[in-house]
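The structure under discussion appears below in the form of structure tokens.
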Amino acid sequence: MAAGEPGAMARVRHWVLGNFATSWFLLAPLLAAYAPRRLFLTYFNLFLRRHARRLLTVVDPYLTLDISEKPSSDSSSYYYSRYESETKRDTTFDEVKAYLSGACAGDARELRAEGAEEGDGLVISMREGQDVSDEFQGATLFWSSVPADDADLQEHHGGQGAHQGRRRRCQRLTFHQRHRRLVVDEYLPHVRRRGREILFNNRRRRLYTNNRINSYSSMDEDAWSYVDFDHPTTFDTLAMDPAKKKEIMDDLDAFRNNRDLYRRTGKPWKRGYLLHGPPGTGKSTMIAAMANHLNYDIYDVELTIIETNNDLRKLLIQTTGKSIIVIEDIDCSLDLTGDRRRANKDRNKRRSSSYSSDDSKVTLSGLLNFVDGLWSACGGERIVVFTTNHVDTLDPALIRRGRMDMHIEMSYCGFQAFKTLAKNYLGVELHRMFADVEEQLREVDVTPADVAECLMTAKRSGYGEDASLECLIDELKKKKAEAAAAAAEAQADQQDQDDHDSDEDSEGSDEYSEESEE
């Protein structure tokens, strides 16, 4: 009997191997009932998990990806630039929620409205249990709002108090496994970029000005202070020739939408605009219209309170992308205009005679590096605007193409600009007296600011359309007469000067003749 046992065991082993499937169905319940749980899990993980996963892939080829809301203890005050939030905390959930807000409004039936972090906008999101679909490059993807998993809660709360406080939410993305690379490499970055843009558009835009800083070496110093920017001017209300406005708007749109072109050609993503013209022609108003068109913040740089070129660079570093950096009346700022040699002599004379701690040491070289140097490429998507009343006094190196790419002349008020002002102040687009106004505008140089002030004064006085236009025509005739009188006076002064010079030449000639006779 003992000798026959090995043969019997062999037959049993052969039978089990030959009938594995049948024996498994017989043994599995016994193992599940009597074997230790750890032993069963070990066996499953070693031998069956891979086969089960393959079988599951055939049955259900869809994958899920969860993006969970961060705990409230991690949140802090922040605002969005288009590239990153002011703080370094993870904002992926907020960006996804903002991205889905457009789809939610049309597809989901149960919604949640939350106020934006800044501004008066609302972010619409799905309530739990709702789902929406999204199309991207031919792939259909599904989003659903679900509670965050308990395991995820435990992980973020250190294993304690997982269910304390407000329950966190989770946005779950479901997609077919064949779209894995598309989702990871292209779709999710697209979602974040678009969501970040929506959050940025919902924030309050700001107007910054640089502070006077005696000395600082830390980036934590408040180099800029700001107020909310709420200027109402747009290109629709800007008094300018429509063709010229369209040219500027097209140029701004081309700049904003051609990030890849700038990168491909090796150029920093920035553009310079020089606004020049007489006072009152709308240079500052143009800047406000540009900011409203692009939805950019404005950094107004006061050069006279900046001590050194190094401080100027630090100001540039602390600006964000999607912004307009403005230096107004640059022809009045420091030693940045006119002849360089004469400016250098004057600067050296001041240094040799006396030293004043209030004198700015910002140089033309420092400003050129600010506009077009290596540091100017930090951040990207910036517009630099200079304004001046006397473009001919500026150093050519400061306003060359590549630094100031587009030169915009802000001229006197023409008829098309007047029609915009008449629509803004009087609410009329066509009137029988427009022909008289056009005739007067051809013969007199008047700024849009003067025309706007005349129309506003008449409007405040309760005048109607006819009376307001009559007041404007009278004002234009008055300015025309003043201009003619000033021209006649200048001509008379010039004639007197010519006569005086002629008399001096005659006297000199007589004296020379007398000396020759002697």
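Show the residues, 5+ positions off or on another chain, whose built amide H is closer than 5 Å to the amide H of PHE229. Amide H neighbours of PHE229, under 5 Å, 5+ apart: ARG205, ARG206, LEU207. Toward the positive end of the charge dipole of segment 218-264, with +1 on the Cβ of Lys and Arg and -1 on the Cβ of Asp and Glu, the farthest Cα among THR234, MET249, ALA223 is that of MET249. Using the Cβ-Cβ distance between ALA139 and ASP405 with R0 set to 45 Å, the FRET efficiency works out to roughly 0.70.
For TYR463 and GLU186 in one chain, what is 0.36 nm times their gap in residues minus the Cα-Cα distance, to one decimal in nm?
Numbers: separation 277, 0.36 × 277 = 99.72 nm, distance 6.03 nm.
Between TYR463 and GLU186, full extension yields an extra 93.7 nm.
The slack in the chain from LYS478 to ASP230, taken as 0.36 nm per residue of separation less the alpha-carbon distance, amounts to 85.7 nm. For segment 137-146, 3J(HN,Hα) computed residue by residue from phi via the Karplus equation (6.51, -1.76, 1.60; θ = phi - 60°) reads 6, x, 9, 9, 10, 10, 10, 9, 9, 9 Hz, glycine and proline entered as x. With R₀ fixed at 45 Å, the C-beta to C-beta distance from GLN491 to ALA435 puts the FRET efficiency at about 0.90. Sorting 378-391, 242-255 by their mean Cβ neighbour count within 10 Å, with the most densely packed peptide first, gives 378-391, 242-255. The phi torsions of segment 238-254, fed into the Karplus equation with coefficients 6.51, -1.76 and 1.60 and a -60° offset, translate into couplings of 6, 7, 7, 4, x, 5, 5, 4, 5, 4, 5, 5, 5, 5, 5, 5, 5 Hz, rounded to whole numbers, with Gly and Pro shown as x.
Within 10 Å, count the other beta carbons around each residue, average over each peptide in 260-268, 303-311, and list them highest first. Mind dumping the intermediate values first?
Values: 260-268: 11.4, 303-311: 16.9.
Answer by packing, highest mean first, reads 303-311, 260-268.
Inter-label distance, ASP241 to ARG178: 5.8 nm, where each label sits 7 Å from its Cα along the C-beta direction. Here each label is just a point 7 Å from Cα along the line to Cβ, and for GLU128 and GLU470 those points are 7.3 nm apart.
Packing order of peptides 437-449, 456-468, highest average first: 437-449, 456-468 (average count of other Cβ atoms within 10 Å over each peptide's residues). Modelled spin-label separation between ARG264 and MET249, with each label point placed 7 Å from Cα along the Cα-to-Cβ direction: 2.7 nm. Each residue of segment 296-313 is assigned a 3J(HN,Hα), and the resulting list reads 9, 7, 10, 10, 8, 8, 9, 5, 5, 9, 9, 7, 9, 4, 5, 5, 5, 5 Hz, derived from the Karplus form 6.51 cos²θ - 1.76 cosθ + 1.60 (θ = phi - 60°), x at Gly and Pro.
With 0.36 nm allotted per residue and the present C-alpha distance subtracted, the TRP375-THR304 stretch has 23.5 nm of extension available. ASP493 contributes an accessible area of around 80 Å² to the protein surface, as traced by a 1.4 Å probe with all chains present. Amide H to amide H, with H built 1.01 Å from N, TYR299 comes under 5 Å of TYR208, ILE324, ILE325, VAL326, counting only residues 5 or more places away or on other chains.
The values are calculated or read from the model by the stated rules, or taken from the named source; none is laboratory data. All values reported here derive from a predicted model rather than from experimental measurement. Positions of Cβ are generated from backbone atoms using ideal geometry, with glycine treated the same way; all protein chains shown enter the neighbour counts. Protein only, heavy atoms only, side chains kept; ligands, DNA and RNA dropped before computing areas. Shrake-Rupley method; radii C 1.70, N 1.55, O 1.52, S 1.80 Å.
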